[in-house]
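Asks: Here it is, the structure, as structure tokens.
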Amino acid sequence: MQYRNKPCFIIKKNLQKSGTTGVYFSDVITQDVLLDVCRRITGLSDYDFLFVDNDYEDEFLERSYNKGRMAIMEYKDEVSYITFSDLEIGGRNSSVQSVPTAFNMFYSNPYAKKRLYYYFLNKSGNAETDYQILIYRLMNTIGFTFLNTSPTLSTQLGAFVSIEDIIFNRRVNAGRNQSNNSTFITKSGSNEIQIYGKTYGANKYETSLICYALANLWQQGQQITLYEMLEGNLKQLPASSLSVIESMGIIDVVPTDMTLEKNIFEKTNSLRSPRYLYNLFNKLGNKQCALCKCEIPELIQGAHIWPVADIKKTVQLTQEEKLACAIDGDNGLWLCENHHKMFDEHLLTFNQNGDVLFRSDIDRRHMRFIDETTRFKTLPELILTEKFLEYLWRRNKVS
Ligand SMILES: [Zn+2]
């Protein structure tokens, strides 16, 4: 790049829909904003600026509209990527939408002397929901510097220090607003970290960001897998995000569509079906044994109510219907390894009220241990849906 004695902003004028909305980035990024940004990064008040059209390109900007709500600032031999919040921070999307795009451009550029910033433009809206704070902390983890947290945020935004740290905070966050989740992070046995994420609409931004943060915190010996939950259109994450994930070289990406699920169903009785686990996450939230509340993710498994082996034997169902039953989130619950085994061995089951029933011939001495470890003897309401009870009826009918 050209050596500059004076800070110089180069900014794409058009946002994605400027043509129809009539809102141009040059209206949003005022001289006051540029002055403030310039002072905060360089300490200087004197700068040049240039708003450019879509067909402009240089080594930091591609030929397109302003992807990532960004300004590029060149000063001496350093380049700053600054991405801006919306004017009003409302829904979840507005806080994340442009961030992965900005990060992708920053990350993919090989120029060494580069910095990545975030600037709050909002004068209204609540930017401090649990969800937004989670997003800001993820951004911090992947290298964003917040130029003006005050007065928008009152909380100190620390980066996450480990993958466990993210899993824990995600859980705390999910507890309050579970139904809005689209991405789940968990651990299975043997140090494998799994991300289950949707890849379309607004979900793709969150999934990308979580992948970048986890890759950043990766430690020797850990294995990280992203299971992309592909819907009907089979759309994976955007190519730019996938290429960043690939060049980070940490995360295995497994596109999970129904063809893959069919193979798993036929070969392994869906025991490792990503979609089954995703559906359980969606219904029940993070892993927690329904009978002892153990939350150690490595020990918690998805337990089928109507066993897949029995589903397969049901002649009245088509292959598609069988698969649908095998991966249905209503056909299961989270159980720790101990309780899962007891359930599979028919030492315990549930009645239609969700009460735990123990097999009558269990040795008295074992019964004491089982009684003590099974702290909760009725399933929570959340689990007991109509479909769940139907699966339970089928299970109990057979055994
Ligand atoms: Zn348990």
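Laboratory data are not the source of any read-out in this text; all were calculated from the coordinates shown. What you are looking at is a predicted structure, and each value in this text was computed from that prediction instead of being measured. Cβ coordinates were reconstructed from backbone atoms using ideal geometry, including for glycine residues, and neighbour counts include every protein chain displayed.
Asks: Calculated FRET efficiency, Lys76 and Asn216, Cβ-Cβ r, R0 25 Å, to nearest 0.05?
Replies: On the way: r = 27 Å, r/R0 = 1.10.
Here the calculated transfer efficiency is 0.35.
Asks: Which residue, Leu317, Leu147, Leu389, has the most motion in a Gaussian network model of the chain that connects Cα atoms within less than 10 Å?
Replies: Looking only at Leu317, Leu147, Leu389, the biggest GNM fluctuation is shown by Leu317.
Asks: Evaluate E = 1/(1 + (r/R0)^6) for Asp27 and Glu381, where r is the Cβ-Cβ distance and R0 equals 56 Å; express this FRET efficiency to the nearest 0.05.
Replies: FRET efficiency, Asp27 to Glu381: 0.65.
Asks: Once Rh for segment 160-256 is found with the Kirkwood sum over Cα pairs, what is the Stokes-Einstein diffusion coefficient at 37 °C and 0.692 mPa s, in µm²/s?
Replies: Diffusion coefficient, whole number: 241 µm²/s.
Asks: On to the next question. Show me, for segment 240-249, the HN-Hα J-couplings you get by feeding each phi into the Karplus relation (A = 6.51, B = -1.76, C = 1.60, θ = phi - 60°), rounded to Hz, glycine and proline as x.
Replies: For segment 240-249, the Karplus-derived couplings read 5, 5, 4, 6, 5, 4, 5, 6, 5, x Hz, x marking Gly and Pro.
Asks: Counting each DSSP H run of 4 or more residues in the chain as -39500 (n - 2.57), what helix-only mean residue ellipticity at 222 nm follows after dividing by all residues, to the nearest 500 deg cm²/dmol?
Replies: Calculated mean residue ellipticity at 222 nm is -11000 deg cm²/dmol.
Asks: Show me the ranking of peptides 390-396, 254-260, 155-161 by mean Cβ neighbours inside 10 Å, starting with the highest. Don't skip to the answer; put the middle values down first.
Replies: Details: 390-396: 17.4, 254-260: 15.7, 155-161: 13.1.
Ranked from most to least packed, the peptides come out as 390-396, 254-260, 155-161.
Asks: Quote to one decimal, in nm, the extra length available between Val161 and Ser64 on full extension: 0.36 nm per residue of separation minus the C-alpha distance between them.
Replies: Taking Val161 through Ser64 to full extension adds about 31.3 nm, to one decimal.
Asks: Measure of size requested: the Rg and Dmax of segment 4-146, with Cα atoms as the atom set and Å as the unit; please supply both.
Replies: For segment 4-146, the Cα-based Rg and Dmax read 14.6, 42 Å.
Asks: For segment 203-211, take each phi angle, set θ = phi - 60°, evaluate the Karplus expression 6.51 cos²θ - 1.76 cosθ + 1.60, and give the result in whole Hz per residue in order, putting x for glycine and proline.
Replies: Result, rounded to whole Hz: 4, 5, 5, 5, 4, 4, 4, 5, 4.
Asks: Check which residues have an amide H placed less than 5 Å from Phe350's amide H, if you skip close sequence neighbours.
Replies: Those lying under 5 Å, H to H, from Phe350 are Leu357.
Asks: Express as a percent, rounded to the nearest 5, the fraction of DSSP beta bridges in the chain (both residues included) that run antiparallel.
Replies: Bridges in the chain that DSSP calls antiparallel: roughly 45 percent.
Asks: Separate question: Roughly what percent of Cα-Cα pairs across the chain reach past 40 Å? Let's see the in-between values first.
Replies: Numbers: 23059 of 79401 pairs.
Counting every Cα pair in the chain, those more than 40 Å apart make up 29 percent.
Asks: Right, next: Equivalent ellipsoid semi-axes for segment 1-87, as square roots of 5 times the alpha carbon gyration tensor eigenvalues: give them largest first, rounded to whole Å.
Replies: 22, 15, 9
Asks: Apply the Karplus curve 6.51 cos²θ - 1.76 cosθ + 1.60, θ = phi - 60°, to the phi angles in segment 322-332 and return the couplings in whole Hz, x for Gly and Pro.
Replies: Karplus-based 3J(HN,Hα) across segment 322-332 equals 4, 4, 4, 5, 5, 10, 6, x, 7, 8, x Hz.
Asks: Beyond 12 Å, what share of the Cα-Cα pairs of segment 46-88 is found? Please give it as a whole percent. Don't skip to the answer; put the middle values down first.
Replies: Working: 605 of 903 pairs.
Within segment 46-88, distances greater than 12 Å cover 67 percent of Cα pairs.
Asks: Helix 258-268 against the longest principal axis of the chain: what's the angle in degrees, Cα atoms only, rounded to the nearest 10?
Replies: For helix 258-268, the angle is close to 40 degrees.
Asks: Something else: Would you look at the GNM of the chain, springs on alpha carbons closer than 10 Å, and say which of Arg115, Arg359, Arg69 moves the most?
Replies: Answer for the Gaussian network model of the chain: Arg359.
Asks: In addition: So if I take the alpha carbon set of segment 282-399, get Rg, then get Rh from the Kirkwood formula, what is the Rg over Rh ratio?
Replies: 0.97
Asks: Send over the semi-axes of segment 287-345's equivalent ellipsoid, whole angstrom and largest first, taken as the square roots of 5 times the C-alpha gyration tensor eigenvalues.
Replies: Listed largest to smallest, the semi-axes of segment 287-345 are 26, 11, 7 Å.
Asks: Where the centre of each part is set by its Cα atoms, how far does segment 45-93 sit from segment 180-227, in angstrom?
Replies: 28
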